[in-house]
């Protein structure tokens, strides 16, 4: 796998654009929607920290360690969160998708399904990955359910794997999707996205 070059991914619902310092103010606003920095399981920046957050992500990209994206909701044009590739193993190739968060008003919408489908499609169809991983805190049951709804398989738990922002030790639940599973996962995500977009009676 060559070094991951910045790329824009989009469909009818969302644009994933290369993260830059131009996104700092919009990310501050998105994180403020729900005060996401107060949630122990999220990586969203606290007030005044978005610039450092973006700079760290760009440093990771410069070092070949990650490829970060800003998430733009297509109808409103607003930046509503961020996600990235990381844990890149170029010789396989293999990578993980994570550091994902959304403004509260867009959580539990169609947005996560649309974003993950774009990221998975690029990983498997353009980067020829043999597998894509997802990692989450063992205490974050909502995240585990969301990953399982994508069609990923649970591989196991890495105990005492890393520290949370508050310094406590985290056990990491690991999931993956393999390249030969991607066609079925792609179809499933397409059907799920269509269902999520059906207006619900009020």
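The values are calculated or read from the model by the stated rules, or taken from the named source; none is laboratory data. The shown structure was predicted, so the numbers you read here are calculated from the model rather than taken from an experiment. Every residue, glycine as well, gets a Cβ built from its backbone with ideal geometry; the counts of neighbours run over all protein chains shown.
Just a few scattered comments:
- For residue 93, the conditions (1) under 24 Å from residue 53 (Cα atoms); (2) surrounded by 16 or more Cβ atoms within 10 Å (Cβ to Cβ); (3) touching a residue at least 40 places away in the same chain (Cβ under 8 Å) are fulfilled apart from (1).
- Yes/no for residue 64 being more than 17 Å from residue 42 (Cα to Cα), more than 13 Å from the chain's Cα centre (by Cα) and without any contact (Cβ under 8 Å) to a residue 60 or more places away in the chain: no
- Extreme residue, farthest from residue 121 (Cα to Cα), among residues of segment 6-29 that are in a loop (DSSP other than H, G, I, E, B) and without any contact (Cβ under 8 Å) to a residue 60 or more places away in the chain: 20
- Within segment 145-166, residues that are without any contact (Cβ under 8 Å) to a residue 12 or more places away in the chain sit with their Cβ atoms under 7 Å from residues that are surrounded by fewer than 11 Cβ atoms within 10 Å (Cβ to Cβ) and assigned to a strand (DSSP E or B), at 6+ positions apart or across chains, in these pairs: 160/169; 163/169.
- Failed item, numbered, when residue 146 is tested on (1) modelled with pLDDT of 95 or more; (2) in contact with a helix residue (DSSP H, G or I) (Cβ under 9 Å, 6 or more places away or on another chain); (3) part of a helix (DSSP H, G or I): (1)
- Some residue of segment 159-175 being at pLDDT 95 or above, touching a helix residue (DSSP H, G or I) at 6+ places or on another chain (Cβ under 8 Å) and either surrounded by 13 or more Cβ atoms within 10 Å (Cβ to Cβ) or farther than 23 Å from residue 73 by Cβ (or both): yes
- Hits in segment 39-77 - residues which are in a loop (DSSP other than H, G, I, E, B) and either in contact with a helix residue (DSSP H, G or I) (Cβ under 6 Å, 6 or more places away or on another chain) or buried (at least 21 other Cβ atoms within 10 Å of the Cβ) (or both): 42, 44, 45, 46
- Hits in segment 82-127 - residues which are part of a loop (DSSP other than H, G, I, E, B) and within 20 Å of residue 11 (Cα to Cα): 103, 107, 108, 109, 110, 127
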